[in-house]
Amino acid sequence: MDDAKAGLALLNRYKSRLQESQKTLREGYRADPAAKRLLRERCRLVDEVLRDLWAEFGFPASLSLVAVGGYGRGELYPASDVDLLLLLPEAPDAALAGRLEKLVGLFWDIGLEIGHSVRTPAECMEEAAGDITIQTSLIEARLLSGSENLFREFSGGLRARLDPHSFYHAKRMEQAERHLRYQETPYSLEPNCKESPGGLRDLQVILWIAQAAGYGNTWPDLERAGFITHEEQQDLERCECFLRNLRARLHLHLGRREDRLLFDYQTALAEQLGFAATAARRASEQLMQEYYRTAKRITQINAILLQNIGAAIFPPPDEPPLAINARFQNVHELLDVTHEDVFNETPGAIFESFLLMQAHAGLKGMTARTLRALWRARRLIDDDFRNDPANRAAFLSMFKQPRGLVHEFRRMNHFGILGRYLPNFGKIVGQMQHDLFHVYTVDQHIMQVMRNLRRFTMDEFAHEYPVCSRLISDCGHPWVLYIAALFHDIAKGRGGDHSELGTVDAREFCERHGLKEEETALVVWLVRQHLVMSNIAQKKDVSNPEVVADFAVIVKNERYLTALYLFTVADIRGTSPKVWNAWKGQLLEQLFSATRQLLLSGGQAPVAHGIIEDRQQEAMRLLRYFALSDTVHERLWKQLDTVYFLRHSADEIAWHTQALHYRTDIHEPVVKARINPHGEGLEVMVYTRDQPDLFARLVGFFSRAGFSIVDAKIHTTRHGYALDSFMLLDVSGLDSDREMIAYVEHELGERLKRQSPPDIPAGGRVSRQVKHFPIQPEVTIQPDDKGQLFVMSIVTADRPGLLYTIATTLARHGANLHTAKIVTLGERVEDTFLISGGDLRDSAGRVRLETDLLEQLQH
């Protein structure tokens, strides 16, 4: 009993000591936020507590208590683990193992999160030999208490076995894999300030490699060794200070370990760090722009330093450089300046360096000396530089090179060259986009669009988008599209219509760089109209001849149509991996093909009667493949009106006819499903006597089954049957479209037969992005051109059960649905519905419906 009381008293004493001391540290940091001091003082506090507890247990003097990992390095963030090595001269007996286990348990009980291992020096060497993570943790080992001799044996053995060559390769590979996990960009909207490219880990990798090679373990050490300049040392310390403060604030704000800069935390952190919201920009946007610039600088210096250290660890063969011209040379397949003042003496060599990288396939990169010189030379880019005809010609020439476009523009952006030459581009570097579907900053999105356009020209990627690859090969001058890509979003964040504002920048650039009038006109037109084709394809009925004719008036000719189609595909794919899907691709290709056919025919829109006749003839041709008679269609088609044939393709008409020709008056519902013949997803046809809340029933069922509706065509036959078609995409992640066909046909048919109550969609959480950057819902209801139907447009944030909410609201107001275009852009929804009925012809009735929908969408 006395031992238990003594143990409890010991626990309480140390727990209180630790809590009170850590509270003092937190208060001191908030009063004077110096992260480096906070990390060292917390480390010193934990050192003292662990040493005292080690002494309390009276372990043999032959044992060692060793700090490893970040703790061994002398840095303990407020919520970081305390990594320990309990070093023993030999394997412990049961009694010693029990005491060690009790000690570790006490460490946890007093409030420390411990990561520990119990090893002999030999076991440490054996485990480190095959694990780069263990090696890295152990090279930062620091003796806390116990046997100095045992610690020297351990550290000496580790140093003897540490191979700088293999360590360098392993850490470079580990960094590359880590960067790949974070999409190889520091510009994620919710980056990890420790692990993402440009985060703290990129700084630690440099010091680990330097330490393993014996070059030191601090930035001053690396400056003395000649690996970095004094300016770079100061930059590194400034970047490290910013990230340390950010991570420390994040841990203190949450009271737990978290290294992701999620939307949930960005505003609070920004305010704590002194950023204040303005009329134009949130505090969080300013914080994140500072973060991106910091991360960008870290990735620059990381590349330079690892190249320099690698050259020291692996001395290259003593071969003379291969001269390229008076200013540049090839040094071991890297572009090198012939002397340090090349850019100062010849500022135009800045662009020349990138042109050489494009022209010489044998060059794998630039030397650290060249990269440094470029970074310093960015300040030489002023109005005189921009006005120099030779520099303008060189910059324009980069767009026209057969290789290296994306790599070199990214390199120019990375080292600040692009933003200096185009000051308005510099303003959008690192600028976030809170539109719920872009996942890249504005500058990175622009680079992605350029990349996508470039890939259309490359044979090795022709399989990805064969139509685009074929079209761009006939385009003539694809470099004009690259210029449009550079300017299409350059006016983001200025207020107003960025498409219109961007045309001013685009025209000025084209005129200053000597583009022909027709080239300038195309660039400016693409910048102005770059959203038009996407909006029409996703929000309007592209099978409607009037929609196609109106679009043809906008594009004017086949060249502009082709350019806009290519640009639109590249633009949508460059917003987010989640935004593009085969259905969007199908809609765009359908609009492109119909518009081109119209333009080639002289621009005269075909009359509805001619279109219907053509579709019916094609549907009949398709039906003959199933050995059906030439009269098989008659019973169904006499119940269908002109609108049906205008809204459905010949393939859809044939499919419906094949399924329904012998049961047009059947009393039981007919549900048929098939794989989308033009891409991914499932196409479902429902034929039943019209019944109340039918659309809501269907929406609820599809949602419960894990499908998202991307297109709906709702039709009522002359004899009162609903003939509805849906295009569905699997959102459950199961990719089981083929297996779901039988399920949909049977289960949905049974529900409709029983007229079961609508399935209420499964609940779910609203995404963090929607929560922190909400969209004010918009609902508009306007009569169509003929005044017979009404177009209802809804813009809102996506959420579980959204379409069901809309469907049930329409049903309450007695509104009939004719078509639905469902457009989901990341977390943003832009849906368009063609409706009629109820009291929509009365303006007060429309207002009531709009008001009800807004109330439902704001819940």
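The values are calculated or read from the model by the stated rules, or taken from the named source; none is laboratory data. This one's a predicted model, so the numbers in the text were calculated from it and none came from an experiment. Ideal geometry is used to build each Cβ from the backbone, glycine not excepted, and the neighbour counts take in all protein chains shown. Protein only, heavy atoms only, side chains kept; ligands, DNA and RNA dropped before computing areas. Shrake-Rupley method; radii C 1.70, N 1.55, O 1.52, S 1.80 Å.
Of all the listed residues (SER62, SER21), the sole one being hydroxyl-bearing (Ser, Thr, Tyr), over 30 Å from ALA248 (Cβ atoms) and modelled with pLDDT of 95 or more is SER62. Scanning the range 381-391 for residues that are outside any helix (DSSP H, G or I) and in contact with a Gly (Cβ under 8 Å, 6 or more places away or on another chain) gives a single hit, ASP388. Given the criteria of a type in the set (Asp, Glu) and touching an Asp or Glu at 6+ places or on another chain (Cβ under 9 Å), does ASP93 qualify? In short, no. When you check ARG119 against the structure, is it within 14 Å of ALA67 (Cα to Cα) and either in contact (Cβ under 8 Å) with a residue 60 or more places away in the chain or open to solvent by 20 Å² or more (accessible area, probe 1.4 Å) (or both), yes or no? Criteria met by ARG119. Note on the range 661-678: residues that are crowded, with 16+ Cβ neighbours inside 10 Å and at pLDDT below 90 total 4. Quick one: in the range 401-433, which of the residues that are polar (S, T, N, Q) and modelled with pLDDT of 90 or more is least open to solvent (accessible area, probe 1.4 Å)? Within the range 401-433, the match that is least open to solvent (accessible area, probe 1.4 Å) is ASN413.
If you take the residues in the range 814-838 that are touching a Phe, Trp or Tyr at 6+ places or on another chain (Cβ under 8 Å) and assigned to a loop (DSSP other than H, G, I, E, B), which one is most open to solvent (accessible area, probe 1.4 Å)? Only one residue tops the list, namely GLU827. Only residues that are out of contact with any His (no Cβ under 8 Å at 6 or more places or on another chain), among the β-branched types (Val, Ile, Thr) and in contact (Cβ under 8 Å) with a residue 40 or more places away in the chain were counted in the range 292-331, giving 5. Total residues in the range 712-722 satisfying the condition of being in contact with a Phe, Trp or Tyr (Cβ under 7 Å, 6 or more places away or on another chain) and either open to solvent by 40 Å² or more (accessible area, probe 1.4 Å) or within 17 Å of LYS821 (Cα to Cα) (or both): the figure is 3. On the given criteria, is ALA552 in contact with a Ser or Thr (Cβ under 7 Å, 6 or more places away or on another chain), open to solvent by less than 70 Å² (accessible area, probe 1.4 Å) and at pLDDT 85 or above? Yes. For the range 74-112, the tally of residues that are hydrophobic (A, V, I, L, M, F, W, C), over 25 Å from ARG152 (Cα atoms) and open to solvent by 30 Å² or more (accessible area, probe 1.4 Å) stands at 3. Taking the numbered list (1) among the polar types (S, T, N, Q); (2) at pLDDT below 90; (3) over 20 Å from GLU830 (Cβ atoms) in turn, SER708 passes all entries but (3). For the range 273-283, indicate whether the set of residues that are open to solvent by less than 10 Å² (accessible area, probe 1.4 Å) and at pLDDT below 95 is non-empty. Yes, that holds for at least one residue. Here TRP580 fulfils each of the conditions (1) part of a helix (DSSP H, G or I); (2) open to solvent by 20 Å² or more (accessible area, probe 1.4 Å) apart from (1). For GLU589, the criteria (1) modelled with pLDDT under 90; (2) surrounded by fewer than 22 Cβ atoms within 10 Å (Cβ to Cβ); (3) charged (D, E, K, R) hold in every case but one, which is (1). Output the number of residues of the range 124-157 satisfying the condition of being hydroxyl-bearing (Ser, Thr, Tyr) and more than 45 Å from the chain's Cα centre (by Cα). Number satisfying all stated conditions: 2. Being part of a helix (DSSP H, G or I) and over 23 Å from LEU729 (Cα atoms) narrows it down to one residue among GLU668, GLU618, GLU652; which is it? The unique qualifying residue is GLU618. Close contacts from the range 511-535, counting a first residue that is under 30 Å from VAL823 (Cβ atoms) and open to solvent by 70 Å² or more (accessible area, probe 1.4 Å) and a second that is of a type in the set (Val, Ile, Thr) and assigned to a helix (DSSP H, G or I), with Cβ to Cβ under 8 Å and a gap of 6+ residues or different chains, come to ARG528/THR503.
When GLU20, GLU48 are screened for being more than 18 Å from LEU103 (Cβ to Cβ), among the acidic types (Asp, Glu) and open to solvent by 80 Å² or more (accessible area, probe 1.4 Å), only GLU20 passes.
Annotation for the range 672-695: no member residue is of a type in the set (A, V, I, L, M), free of Cβ contacts under 8 Å to residues at least 24 places away in the same chain, outside any strand (DSSP E or B) and out of contact with any helix residue (DSSP H, G or I) (no Cβ under 7 Å at 6 or more places or on another chain).
If you go through the range 192-242 and keep only what is of a type in the set (Val, Ile, Thr), over 18 Å from ALA35 (Cα atoms) and either at pLDDT 95 or above or open to solvent by 30 Å² or more (accessible area, probe 1.4 Å) (or both), you end up with VAL205, ILE206, ILE209, THR229.
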